[in-house]
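For reference, the structure is listed below as structure tokens.
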Amino acid sequence: MTITPSPKVRIFDTTLRDGEQSPGAAMTHEEKIQIAELLDEMGVDIIEAGFPISSAGDFEAVKEISRVVKGSTVCGLSRAGFKDIDAAGEALKPAKRPRIHTFIATSPVHMKHKLQMGENAVLEAIGASVTRARNFTDDVQWSAEDATRSEKDFLCRAVEVAIHSGATVINVPDTVGYSTPQEYFDIITMLRERVPNADKVVFSTHCHNDLGLAVANSLAGVLAGARQVECTINGIGERAGNAALEEIVMALKVRRDIMPYETGVATNLLSRASKLVSNVTGFPVQYNKAIVGKNAFSHESGIHQDGMLKHAETYEIMRPEDVGVHSTSLVLGKLSGRHAFRDKLEAMGYQLDDEAFGDAFKRFKDLADKKKHVFDEDIVALVDDEIVRGHDAISVRDLRVESGIGVPPVCQMTLSINGEDKTAKTTGDGAVDAIFNAIRELYPHAATLQLFQINAVTEGTDAQATVSVRLEENGRTVTGKGSDTDTLVAAAFAYVNALNKLLVKREKQAPEALTVAR
């Protein structure tokens, strides 16, 4: 078999669609725009902006992303139904390069139990849906949901119908993360060899990580001739997630000896994208996560340190700078001035206006007075926290907590609500509960607390704490974050941040989004 000679592998990012289907990872309209703009800046080829038929909010997000994205293709997902396809086509109208991505299941278990359709009915739906999508754009992608558990002969027939009807990209999803690299390689190879006109389309991978093989399977697909990879920042997605974009891109970059392909992605922005998505979703990145984890370029073993001092390539197969990570962590302290702080922020990829910079610098100086060492992670936490807060309707003005063994915790808090300061004094079952009771008294609401999570930004007793709070109200879920060296203060910031996000969602109320399994 001859592998497609194209040296380019297209990167199809579905963070805003499949990634958002992670329980608790819902994003606001503004957050989606922010992520889309960064993906566009990174050079991602295709951005799957959402599932337009699922809700009015998703429809508007896809429409706005279509307006603001300059270089990337903007894609909207749809099932095989005409209403789905028409909604996607309408939402994508402002896009310079629109793509409709339509799908239907092809495995026996899905066709029998989910679709309750026979093979002929599924084939008819494929032809009709792709033809309908071509009325809106020449760029139509078709996916065989649960392709890796489909019968091979029927999968070939389904792909043949999609190509005949006008599909330009054929996606082969390992929807439940069941496949292994050799199996996935064989499926892509089979389709390219057996299906008529397979050489006229681009084959794409979409692998889930249920067995921890999403990246390996995706790369196996590339070796078999696939020239598009679907992936997400930090590998977020349903269940165990998707193939991680940063891992795919860097694997192709580092191992060009066996995979001589290019992606066009600006790899120095990978770390920044990882932090943005983690901040927006409230999902922390595990310390040992490949490429973007905190420890990805850290060395503690004496043997490793000795080797690194002699020659970096003894223990590092890529440079930290290549993914936007700086080789040193301890860079600033309480004696640093505004010029040094601004230079550091710019080197880390942040561009703040004068007001935001002034607020961030003040918080940095306050932090430097509290901590012996200020690390890169501390700076990221305080700046991202400043960005998250923005110009919120609710903000914490003052907080005092008394607690101890045998002493009922008491919280006295002042909140600024739409410019008006209000104060309350409450108790609770613990200091955090007392703080949250005070917030509920000052700003009554019906939202329920679904998650309270604390993570240390760096090591040591003076480390900053980053707190994540998830609230749910009438089917709307939001995640707030807050950082401070005082965990109780961080908890207050996080809860108030979640409330502000909830206010935004109230103003832009939309029908509950449909859940899509791919």
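The values are calculated or read from the model by the stated rules, or taken from the named source; none is laboratory data. Keep in mind that this is a model prediction, so the values were computed, not measured. Every residue, glycine as well, gets a Cβ built from its backbone with ideal geometry; the counts of neighbours run over all protein chains shown.
The table that follows gives values for the structure above.
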quantity	calculated
Given (1) touching a residue at least 60 places away in the same chain (Cβ under 8 Å); (2) within 23 Å of THR14 (Cα to Cα), index of the condition ARG192 fails	(2)
Condition broken by GLU473, with the remaining ones in (1) closer than 28 Å to VAL277 by Cα; (2) out of contact with any His (no Cβ under 9 Å at 6 or more places or on another chain) satisfied	(2)
Sole residue being within 16 Å of ALA167 (Cα to Cα) and either among the small types (Gly, Ala, Ser) or over 22 Å from the mean Cα position of the chain (by Cα) (or both), chosen from ALA87, ALA95, ALA91, ALA80	ALA80
Per-region count, segment 367-405, residues modelled with pLDDT under 90, β-branched (Val, Ile, Thr) and over 17 Å from LYS481 (Cα atoms)	1
Selected residue [within 30 Å of TYR495 (Cα to Cα) and not in a loop (DSSP other than H, G, I, E, B)] from LYS289, LYS275, LYS253	LYS275
Residue that is farthest from THR175 (Cα to Cα) [pool: residues in segment 209-231 that are charged (D, E, K, R) and outside any strand (DSSP E or B)]	ARG227
Subset tally (residues that are touching a helix residue (DSSP H, G or I) at 6+ places or on another chain (Cβ under 6 Å) and either outside the structural domain of THR477 (by TED's automatic domain parsing) or at pLDDT below 95 (or both)) for segment 410-427	0
Long-range neighbours under 9 Å by Cβ, at least six apart or interchain, first residue of a type in the set (Phe, Trp, Tyr) within segment 76-99, second surrounded by fewer than 18 Cβ atoms within 10 Å (Cβ to Cβ) and in a helix (DSSP H, G or I)	PHE82/ALA128
Count of residues meeting criterion [touching a residue at least 12 places away in the same chain (Cβ under 8 Å), of a type in the set (D, E, K, R) and closer than 30 Å to ASP378 by Cα] in segment 430-467	2
So VAL74, is it of a type outside the set (Phe, Trp, Tyr), touching an Asp or Glu at 6+ places or on another chain (Cβ under 9 Å), part of a helix (DSSP H, G or I) and modelled with pLDDT of 95 or more	no
When residues of segment 118-135 are limited to those that are over 9 Å from VAL161 (Cβ atoms) and among the charged types (D, E, K, R), the one surrounded by the fewest Cβ atoms within 10 Å (Cβ to Cβ)	GLU119
Selection within segment 142-154 - part of a helix (DSSP H, G or I) and either of a type in the set (Lys, Arg) or over 17 Å from THR189 (Cα atoms) (or both)	ARG149, LYS152
Residue match in segment 450-459 (condition: farther than 23 Å from GLU420 by Cα, modelled with pLDDT under 85 and in contact with a helix residue (DSSP H, G or I) (Cβ under 7 Å, 6 or more places away or on another chain))	yes
Matching option when the condition is in contact (Cβ under 8 Å) with a residue 40 or more places away in the chain, in the same structural domain as GLY241 (by TED's automatic domain parsing) and surrounded by 19 or more Cβ atoms within 10 Å (Cβ to Cβ), among ALA162, ALA147, ALA167	ALA147
Among the candidates PHE357, PHE436, PHE361, residue that is at pLDDT 85 or above, over 25 Å from LYS501 (Cβ atoms) and in a helix (DSSP H, G or I)	PHE361
Evaluation of SER218 against (1) surrounded by 22 or more Cβ atoms within 10 Å (Cβ to Cβ); (2) of a type in the set (Ser, Thr, Tyr); (3) not assigned by TED's automatic domain parsing to the domain that holds THR15 (one fails), failing number	(3)
Residue within segment 126-141 that is outside any strand (DSSP E or B), closer than 25 Å to LEU211 by Cα and not aromatic (Phe, Trp, Tyr) present	no
